[in-house]
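Visitor: Take a look at the following structure, please.
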Amino acid sequence: MHVGKLVFAQLTGHLPLTTFRRCVAAYGGEHKIKSFSCLDQFLCLAFAQLTYRESLRDIEACLRAQSDKLYHMGIRSRVSRSTLADANEARDWRIYADFAQRLIGIARKLYVDEPFGVDLRETVYALDATTIDLCLSVFPWAPFRSTKAAVKLHTLLDLRGNIPAFIHISDGKLHDVNILDQLRPEPGAFYVMDRGYLDFERLFRLHTAGSFFVTRGKSNLRVQRRYSRAVDRVTGLICDQTVVLTGFYSSQNFDTPLRRIRFKDPKTGKRLVFLTNNFRLSALTITELYRCRWQVELFFKWIKQHLRIKQFYGTTENAVKTQIWTAVSVYVLVAIVRKRLKIQASLYEMLQILSLTMFEQTPLNTLFSQIQGRQSDTEAANQLNLFN
């Protein structure tokens, strides 16, 4: 006799299924489909992410072993690897991309007051990209080098809660700076990025939209100092200057003054040069904002360790993008559940427990309240935990 909801069903109960059906309808995802709906496909892939399944055969074997529980998981069709492979190849990946964006919108509202290390009311984004290596002979649609293929995951991370506000998946050849063309600048928000995004024509678009940026200057940057502000050198600050660009092209692309801050890291002794169009915040706050950019690096390492985005269930572009967007959806869904149920466990701990309890019927709050103790700071750092 079935008593209580399965842990998997409790988790997916937080999905906005009406929104999912709208995404499916928008791209005709179930045109001429009689069985194995888009929702069945999504739930199978979500199960694979949560339980660390490595292949379609692996997914099929696990779900068939629990065939009497599939209905209670929300899966209404028989699961076979050929059907799942066909669905991953044929059904538009944009269905799952749009749905992930809807989940991101829900999560960002829940984490809007989450602290991130700097006392600032404005939204702060960290922009970066990571490369996922592939085999060129198996994935010829994603060229990177002469003997290598790859996809790039370009991510704009909201530092309040480490929620990806924007994601773009491209082949490995697309240069990082081109992603600035696809962003819709948010007035008043801060965009923190490394030197790979130093393109003054594109940065000027952020400036004219009322957004702020913080980046690092290159060694060949040509500027002329206009004004210097006093700094406390004890903090590591060397100078805080107003400058104008003097390079032939850069001065035409960005013809308004910029702020240049030189800083010597007290721990490493490394000298850093920061550029920003914000003149209101203190120089030390600007350096702290750039330090927080490291969160996007941790995000990339974390999802590569704990989500299935390095080995793929299909070889087509559609299958790869479907799997990545499903992984993003699972990440955001667990973050939503953590916030809604006020769970104290870290995201890492939640995923580890969920991977072993998908078919149990324990209430989620009870499941995670049974965690005794916390990981030490060293262990947490080694696991690259987010949401601590």
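Visitor: Please state which one of V192, V118 is in contact with a strand residue (DSSP E or B) (Cβ under 9 Å, 6 or more places away or on another chain) and modelled with pLDDT of 95 or more.
Guide: V192
Visitor: Residue under question is A100, and the condition is that it be among the aliphatic types (A, V, I, L, M), surrounded by 14 or more Cβ atoms within 10 Å (Cβ to Cβ) and either in contact with a His (Cβ under 6 Å, 6 or more places away or on another chain) or modelled with pLDDT of 95 or more (or both); does it hold? Steps first, please.
Guide: Details: among the aliphatic types (A, V, I, L, M): yes; surrounded by 14 or more Cβ atoms within 10 Å (Cβ to Cβ): yes; either in contact with a His (Cβ under 6 Å, 6 or more places away or on another chain) or modelled with pLDDT of 95 or more (or both): yes.
The answer is yes for A100.
Visitor: Here's a follow-up. Among I106, I75, which is crowded, with 19+ Cβ neighbours inside 10 Å and not assigned by TED's automatic domain parsing to the domain that holds A25? So that I can check it myself, show each step before the final result.
Guide: Numbers: I75 fails: not assigned by TED's automatic domain parsing to the domain that holds A25.
The match here is I106.
Visitor: Just checking, how many residues over segment 144-161 are farther than 20 Å from D176 by Cβ and either in contact with a helix residue (DSSP H, G or I) (Cβ under 6 Å, 6 or more places away or on another chain) or in the same structural domain as V334 (by TED's automatic domain parsing) (or both)? Full working, then the answer.
Guide: So the first thing to find is which residues in segment 144-161 are farther than 20 Å from D176 by Cβ, and the list is 146-147, 160-161.
Filter once more, so that each one left must be either in contact with a helix residue (DSSP H, G or I) (Cβ under 6 Å, 6 or more places away or on another chain) or in the same structural domain as V334 (by TED's automatic domain parsing) (or both): none.
Of the residues in segment 144-161, 0 are farther than 20 Å from D176 by Cβ and either in contact with a helix residue (DSSP H, G or I) (Cβ under 6 Å, 6 or more places away or on another chain) or in the same structural domain as V334 (by TED's automatic domain parsing) (or both).
Visitor: Only residues that are in contact with a helix residue (DSSP H, G or I) (Cβ under 8 Å, 6 or more places away or on another chain) and either under 23 Å from M193 (Cβ atoms) or loosely packed, with under 13 Cβ neighbours inside 10 Å (or both): list them for segment 109-131, please.
Guide: Selection gives Y111, F116, G117, V118, L120, V124, A126, L127, D128, A129, T130.
Visitor: What's the number of the only condition in (1) in a helix (DSSP H, G or I); (2) within 20 Å of F204 (Cβ to Cβ); (3) under 32 Å from the mean Cα position of the chain (by Cα) that L221 fails to meet?
Guide: (1)
Visitor: Please note which strands (runs of 3 or more DSSP E) are completely contained in segment 113-215 and include at least 2 residues that are in contact with a Pro (Cβ under 9 Å, 6 or more places away or on another chain).
Guide: Because the criterion is at least 2 residues that are in contact with a Pro (Cβ under 9 Å, 6 or more places away or on another chain), the strands (runs of 3 or more DSSP E) in segment 113-215 that meet it are 148-158.
Visitor: So how many residues does segment 312-338 have that are outside any helix (DSSP H, G or I) and hydrophobic (A, V, I, L, M, F, W, C)?
Guide: Final tally of qualifying residues: 1.
Visitor: Being touching a helix residue (DSSP H, G or I) at 6+ places or on another chain (Cβ under 8 Å) and either closer than 20 Å to A25 by Cβ or surrounded by 18 or more Cβ atoms within 10 Å (Cβ to Cβ) (or both) is the filter here; which residues of segment 79-93 pass it?
Guide: V79, L84, A87, N88, A90, R91, D92, W93, listed by residue number.
Visitor: Going by the structure shown, is D171 free of Cβ contacts under 8 Å to residues at least 40 places away in the same chain, more than 30 Å from E288 (Cβ to Cβ) and assigned by TED's automatic domain parsing to the domain that holds F42?
Guide: The answer is no for D171.
Visitor: Where residues in segment 199-227 are touching a residue at least 60 places away in the same chain (Cβ under 8 Å) and within 18 Å of H175 (Cα to Cα), which of them is surrounded by the fewest Cβ atoms within 10 Å (Cβ to Cβ)?
Guide: Within segment 199-227, the match that is surrounded by the fewest Cβ atoms within 10 Å (Cβ to Cβ) is R216.
Conditions tested, residue by residue: (1) in contact (Cβ under 8 Å) with a residue 24 or more places away in the chain; (2) within 27 Å of the chain's Cα centre (by Cα).
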{"position": "G269", "(1), (2)": "no, no"}
{"position": "F279", "(1), (2)": "yes, no"}
{"position": "Q305", "(1), (2)": "yes, yes"}
{"position": "A335", "(1), (2)": "yes, yes"}
{"position": "R340", "(1), (2)": "yes, yes"}
{"position": "A345", "(1), (2)": "yes, yes"}
{"position": "T357", "(1), (2)": "yes, yes"}
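Visitor: Of everything in segment 22-50, what is of a type outside the set (F, W, Y), more than 15 Å from S329 (Cα to Cα) and surrounded by fewer than 22 Cβ atoms within 10 Å (Cβ to Cβ)? Give them in sequence order.
Guide: Correct list: R22, A25, A26, G28, E30, H31, K32, I33, K34, S35, S37.
Visitor: If you don't mind, another one. Counting just the residues of segment 228-257 that are part of a strand (DSSP E or B) and in contact (Cβ under 8 Å) with a residue 40 or more places away in the chain, which one comes out surrounded by the fewest Cβ atoms within 10 Å (Cβ to Cβ)?
Guide: R229
Yes/no per residue for (1) touching a Gly at 6+ places or on another chain (Cβ under 7 Å); (2) without any contact (Cβ under 8 Å) to a residue 12 or more places away in the chain; (3) in a helix (DSSP H, G or I):
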| position | (1), (2), (3) |
| --- | --- |
| L45 | no, no, yes |
| Q49 | no, no, yes |
| D58 | no, yes, yes |
| L70 | no, yes, yes |
| S77 | no, no, no |
| F99 | no, no, yes |
| G105 | no, yes, yes |
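Visitor: Also, quick follow-up: Residue check, L284 against (1) in contact with a Leu (Cβ under 7 Å, 6 or more places away or on another chain); (2) buried (at least 17 other Cβ atoms within 10 Å of the Cβ); (3) not polar (S, T, N, Q), all met but one. Which one?
Guide: It is condition (2) that L284 fails.
The values are calculated or read from the model by the stated rules, or taken from the named source; none is laboratory data. All values derive from a computational prediction rather than experimental measurement. Quick reminder, even Gly has a Cβ in these numbers, built from the backbone with ideal geometry, and neighbours come from all protein chains shown.
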